[in-house]
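Where a number appears in this text, it was derived from the coordinates with a stated rule and is not lab data. Not measured: the values here are computed from a predicted model. Glycine also receives a Cβ, built like all others from the backbone with ideal geometry; neighbour counts cover every protein chain displayed.
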Amino acid sequence: MDTEVIELRTGTNLATDVTDDVRRFCSGRGDGLCHAFTPHATAGLALIETGSGTEADLEDALGRLLPPTDIYRHRHGSTGHGRDHVVPAFVSPSLTLAVIGGEPALGTWQSVVLIDTNVDNPNRRLRLSFLPA
């Protein structure tokens, strides 16, 4: 199994598109599985359409489901940081993609994005691993 860690800076962006990183990692590897994992207690990975308003819709949905207020027992960092620790229960920190001919088998409008609501730590890592068929 081959693996690589990519350093990311999310800043204040909820969704950071990592599709190109995944494509680059899978390129030339043939058929298999690509596993993506973000080793953080406050981030997750998702497949969404980007650039069409989905990011804002997701941010609004997370805000309704998990309000960024001080209602959480976990209380350090910025206001509502406790919700950041709940996000990975709803947006998994990992996903697995089929790779066919060195290309992730994504749908036409699917992008791989790292979801990060934690503005206290913009430095993130993404581990990509490839298991050949």
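Considering only 76, 13, 56, the residue lying farthest towards the positive end of the dipole of the chain is 76, judged by Cα position with unit charges set on Cβ.
With a cut-off of at most 14 other beta carbons within 10 Å, and DSSP calling the residue loop, which chymotrypsin sites (Phe, Trp or Tyr not before Pro) in segment 55-113 qualify? Please list them. Intermediate results must be reported in sequence, preceding the final value.
On the way: sites: 72, 90, 109; in loops: 72, 90, 109.
Of the chymotrypsin sites (Phe, Trp or Tyr not before Pro), the ones in loops of segment 55-113 whose Cβ has at most 14 other Cβ atoms within 10 Å are 90, 109.
Just subtract the alpha-carbon distance of residue 94 and residue 3 from 0.36 nm times their residue separation and send over the number in nm, one decimal. Working shown, then result.
Numbers: separation 91, 0.36 × 91 = 32.76 nm, distance 1.41 nm.
Length difference between fully extended and current span is 31.3 nm.
The slack in the chain from residue 121 to residue 12, taken as 0.36 nm per residue of separation less the alpha-carbon distance, amounts to 38.3 nm. Rg ratio for the chain: its Cα radius of gyration over 2.2 N^0.38 Å, N being its residue count, equals 1.09.
The label-point distance for residue 75 and residue 133, in a model that sets each label 7 Å from Cα toward Cβ, rounds to 5.4 nm.
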